[in-house]
Structure formats: structure tokens, C-alpha cells
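Notes follow once the structure below has been shown.
Every number here is computed from the coordinates shown, using simple stated rules; none is lab data. The structure displayed is predicted, hence computed values, not measured ones. Neighbour counts run over all protein chains shown; Cβ positions are idealised from the backbone, glycine included.
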Amino acid sequence: MHKILCIEDCEESKQLVTGALGSMGVNLKWARNLNQAAQFIEDEQFDLILLDVMLPDGDGFKFLPVISNAGHAKNTPVIFLTSKDSLSDKVLGLSLGADDYIVKPFEPLELKARVETRLKKYETLKKQMQILTKGELELNLASQRAFDCSSGEKKDLALTPLEFKILVTLASNEEFVFSREQLLDRIWGNTTYLTDRCVDTHIYSLRKKLGNLSNCIQAIYGEGYRFSPKRNN
């Protein structure tokens, strides 16, 4: 499910956005002002951000660089959704780096179509970059590096190649329980002299490096291990 942050203080606009995007099955999170939005962006990852310009505590134009400099939000598409309809405002918004600019009042079907387009492009970009995002974890398949994004800045977990392979295997099959034998086969192949204890040792080391995200790898008694990403409510 895609998660969209809507930075908007107008109740009427909230209702229109909810009506327009509700059928898409997206998770909408609302920020009433820029301070609240900054906290949400620091704590969570979003697939798209709808940003008003005139907000109680500031200017959306000036807030756009805050999003761009937020580490894991750097490539998140941003759409201005505002009543400022002059050509100069539109040019300014797009020149600052916004992906789209929609003027209020807007047609719900148009908003839905533009949001769907941006989400598809974002998914394509992530695939091209070979980025796998699971909860507050970001896995770069090309460089074989894993990052903890829970603090708002990406922290390299410095995993070994085996630890990274285990994490990718589990994360790519979310909620599936792998037995130790299955992990041995997936990670080490037909190296039959290895034992189940080898899996446990590497899982222990991996969870230690994951720190406060270690609970995303769950031990299922008598069965094996599964990946269940930590999500913010």
C-alpha cells in the first residue's frame, strides 16, 4: 500500500483529496502545518507528498528544500496542491523541484490521475535504482548495502555479504517463514556440511547490527525465521 503525506490545513480540501484518492487504496497521512510535516518526514517514509503553499506556520515553497534534504525523502515525488494560480507561482513551484502543480479547486479525477502517474514513475525509479524499501529499512541491491532510515537519515548497517543476502532473502518474501534448511539452501547452496547453528549465528549477528529494527526478523519457534517490517501507525 502506498503511503501519501498530505500537508494541508483546509478541511474542505481534505475531504476532496480523501474522496479522490480513497478508491486507490492508499494510506493518507495528514499534517496540519509544516512543523508537523517535518516531524512526519523525519520519522517515516512516504511514496508521495501533497504540499499546500499557504500554511499556518510557513510557506510551502520554502519547505520543499526541507523535503529534498531529508535523506530518505530525497527522491520522493512532491505535488503542490494550492490556490495560488498565477503563472509565476506555477513556474516557481516547478523550478524548485516539484514534480507537479495542481491548482485548487481541482477535479478529483484529475488529481487521482496525476497521483497515479507519479506513483508509477516513483516505483519505476526505485526498480531502476534497485532499491528495496521495507518499513524503515532500505536495501540497495546494486551496492549490496543496507540502511536504517528510522532516524530520518540513512545509516549504513555495514553488513557482510552473507548477512546482506540473508536480509534480502527474508525481506523479499515478507511474512513467509523460512526453515533453517531453506535458508541454508538459498544462501549457501548445496554446502551440506553446514548445520542449522550456522544460520542461527548469522541471524544473531544480523539482528545485532539492525539495532532497534532487529524485531523485523522474527524467530518462529520450531519453524524458522520470517521478516515482518516495523511500520509506524
(message) With just the Cα atoms defining each centre, how far is segment 196-225 from segment 145-183? Give it in Å.
(response) 10
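Between GLU110 and THR133, 0.36 nm times their residue separation minus their Cα-Cα distance comes to what? The partial results should precede the final answer.
Working: separation 23, 0.36 × 23 = 8.28 nm, distance 2.84 nm.
Gain on stretching GLU110 to THR133: 5.4 nm.
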(message) Around LYS126, under 14 Å between beta carbons, what's the net of Lys plus Arg minus Asp minus Glu among the other residues?
(response) +4
(message) Using the Cα centre of the chain as the reference point, and only Cβ charges (+1 on K/R, -1 on D/E), how large is the resulting charge dipole? Debye, rounded to the nearest 20.
(response) 620
(request) State the Cα centre-to-centre distance between segment 69-123 and segment 32-50 in whole Å. (result) 15
(request) Which order do the peptides 106-115, 134-143 take when ranked by the mean count of other beta-carbon atoms within 10 Å per residue, highest first? (result) 134-143, 106-115
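May I ask you to derive the relative contact order of the chain, considering only C-alpha pairs under 8 Å and at least 6 residues apart, and to give it as an integer percent?
15
Rounded if a/c is under 1.5, else prolate if a/b is larger than b/c, else oblate: which is segment 1-83, with a ≥ b ≥ c the root eigenvalues of its Cα gyration tensor?
On the way: a/c = 1.82, a/b = 1.14, b/c = 1.60.
Taking the square roots of the gyration eigenvalues as a ≥ b ≥ c, segment 1-83 is oblate.
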